[in-house]
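Derivation of every value follows stated rules applied to the coordinates shown; laboratory data play no part. The shown structure was predicted, so the numbers you read here are calculated from the model rather than taken from an experiment. Glycine also receives a Cβ, built like all others from the backbone with ideal geometry; neighbour counts cover every protein chain displayed.
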Amino acid sequence: MKILRGNYRYLLLALLLAFASCSFTTTKFDDNDKDKVLIQIITYLLEEAHFDPQDINDGFSKAVFEDYLNQLDPFKRYFYESDIKDFEAYELEIDDQIKAYDISFFNLTYERLLQRIDESKELYEEILTEPFDFSVDEDYSTEYEELEYVKNKRQMKERWRQQLKFSTIANYDDVITQQNSNEDFLNSQFSPENETSTASGEIDPIAAEEKARQQTKQSLDELHQYIIDRQRKDWFAVYLNAIVMEFDPHTFYYAPEDKDRFDVLISGKFEGIGARLQKKIDAIVVNEIISGGPAWRQNELEVGDQIIKVKQEDEVEPINVVGMRLDDAIKFIKGPKGTKVTLTLKKVDGTIEDITITRDVVELEETFAKSSIVEKDDKVFGVINLPQFYVNFDDYNERNAASDVKLEIERLKAQGMEGLVLDLRNNGGGSLPAVVDMAGLFIKDGPVVQVKTAGEPKEVLKDKDRSIIWDGPLVILVNELSASASEILAAAMQDYKRAVIIGSKQTYGKGTVQNVLDLNRMVRNNSNGDMG
């Protein structure tokens, strides 16, 4: 999670002014030209706006090369040694290509990856037609970084066989555990449809292995479908992030769909029907109904339903979403509050049904602060769990972590709270203005944190509100995953001797601040579509 500064627009304005003399005007672009514009913009931002810009040289190129290939093929089951030799011609050229807005290296890796992914499906389907012999002892290493790339198809098939056997063993254990613990399941083993046990009630290892192998294939089929659904722009985002993350591990490029997901994550809300979806082969399947959302209130959409078609209220014909990329299907299903969408469903029982849902704001309750009262030794303690420092960037005053924690404190005080525990365990951070405002709930006024921006003097962010919401005993809980804004708040309260910090020996250790920059505003006359 990032710390996000509230005054990022000022930096954006300065960058826009700097771009006035740059040649980012565009006419009609194909993908290659759009990719080159992205490289140009991002390179400029990294060199001019990053606090600690790196030298884009051969060392930088080598690091990008290694990280990028590790992201493309982390298990080393796609690329051959010969592929890597082809790629190594560019190992020390990526820096020069970045400066020249050349994407030849990306094009080569992208085309080769698609070829190898297609070949991999043939391999794993062939391997999974035959049973595995679990009685044979084999050495299998999950230290994938230490593996060498294979030299030929025979070695590649053997690597896949070992990895698939390893996965199937895990599934086999699950099958056995399920059969042993579920009496109803065991009693059904005599049916013709499922003969995974003998008449004596003992588990049939052959049938169990077959079931485990089928589960492995289903998982691989779903993974393969997810991979081939990814478009060129998705893979290019992987390449861009291999570049930007060499500057620091908390700098990211968000492609448009990733930015939408980030906005939902940091705000805890979106507008839509209130369901989580997943793709299973060609089907868009309802995985969860979000409590309190429009689908939950209407109570017609069910977990397991397949969405076949989607029709907007101002359209005559529905759009068939079978086989569509999940992200593309979601664009048709989500929509502004108050609008209606009609879904054609294949229900769990196989029937086809149309339902119409009025979209609304959906809040993800797991994002927000929650409080409870604990009574112990005749004392009343309030506990507030804060998963992250959330904020709505479009309207800071709408709902944010600081204002919600303030409300929770007021509720707890009304219930006679004598001491407060603020739980920041596993809180990865979030909004910087929110953490400054939250610190102000516990202190009269004063500095909370200082931020150093490249080329500018240090900026001290202060609590300027002299009111204190809670001046009683305060404990802050942290662990190794408490990061960024969580660390700022805990450190500030410790410095002010305002709180006792309890938890792990150390927290995550992140002291950088990120700004969110809209790349679309960097391009004049943009006809490329959303740049991210």
- line: Summing +1 per Lys or Arg and -1 per Asp or Glu among the other residues with Cβ less than 14 Å from residue 155's Cβ gives +4
- request: For percent of Cα pairs over 28 Å apart, several values are listed as [x] 61; [y] 68; [z] 57; flag the one computed from this structure.
  value: [y]
field: Protection proxy ranking of 465-472, 510-517 - average other beta-carbon atoms within 10 Å, highest first
entry: 510-517, 465-472
message: Can you return the aspartates and glutamates within cross-link range of residue 505? Criterion is Cα-Cα under 17 Å, with same-chain partners fewer than 8 residues away left out.
response: 423, 480, 487
statement: To the nearest 20 debye, the range 368-503 has a Cα-centred charge dipole, built from +1 on Lys and Arg Cβ and -1 on Asp and Glu Cβ, of 240 debye
message: If I model a spin label as a point 7 Å beyond the Cα along the Cα-Cβ vector, how far apart are those points for residue 133 and residue 361 in nm?
response: 6.4 nm
- prompt: Between residue 518 and residue 469, what FRET efficiency follows from the Cβ-Cβ distance if R0 is 30 Å, with the result rounded to 0.05?
  reply: 0.30
message: Name the residue from 483, 447, 523 whose Cα lies farthest towards the positive end of the charge dipole of the range 442-532, charges +1 on Cβ of Lys and Arg and -1 on Cβ of Asp and Glu.
response: 447
query: How would you rank 480-493, 304-317, highest first, on the average number of other Cβ atoms within 10 Å across their residues?
result: 480-493, 304-317
- line: With a Förster distance of 25 angstrom and the Cβ-Cβ distance between residue 89 and residue 248, calculated FRET efficiency to the nearest 0.05 equals 0.30
statement: Between the alpha carbon centres of the range 365-403 and the range 203-243 the gap in Å comes to 38 Å
Residue-wise HN-Hα coupling along the range 281-294, computed from phi with Karplus coefficients 6.51, -1.76, 1.60 (Hz; x: Gly, Pro): 6, 9, 9, 8, 10, 6, 9, 7, 9, 7, 4, x, x, x
message: For the chain, what does the relative contact order come out to in percent, with C-alpha contacts under 8 Å and a separation of six or more?
response: 15 percent
Computed magnitude of the charge dipole of the chain (debye, nearest 20; Cβ of K, R +1, Cβ of D, E -1): 2000 debye
Shape of the range 269-363, Cα gyration tensor, a/c cut at 1.5: rounded
- prompt: How would you classify the range 345-500 from its alpha-carbon gyration tensor, with a ≥ b ≥ c the square roots of the eigenvalues: rounded for a/c under 1.5, else prolate if a/b is greater than b/c, otherwise oblate?
  reply: oblate
message: Once you keep just the Cα pairs under 8 angstrom separated by 6 or more residues, what percentage relative contact order results for the range 188-337?
response: 15 percent
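Local charge sum around residue 353 (other residues, Cβ-Cβ under 15 Å, Lys/Arg +1, Asp/Glu -1)? Intermediate values should be presented prior to the final figure.
Values: positive: 309, 311, 346, 347; negative: 300, 302, 305, 349, 354.
Around residue 353, the charge tally is -1.
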- prompt: In the chain, what percentage of the DSSP-assigned beta bridges are antiparallel, given to the nearest 5?
  reply: 70 percent
statement: From DSSP H assignment alone, runs of 4+ in the chain each adding -39500 (n - 2.57), the sum over residues rounded to the nearest 500 puts [θ] at 222 nm at -13000 deg cm²/dmol
statement: Relative contact order as a percentage, the range 390-532, C-alpha pairs under 8 Å and 6+ apart, gives 23 percent
statement: The number of Lys pairs in the range 368-503 whose alpha carbons lie under 18 Å apart, excluding pairs fewer than 8 residues apart on one chain, is 12
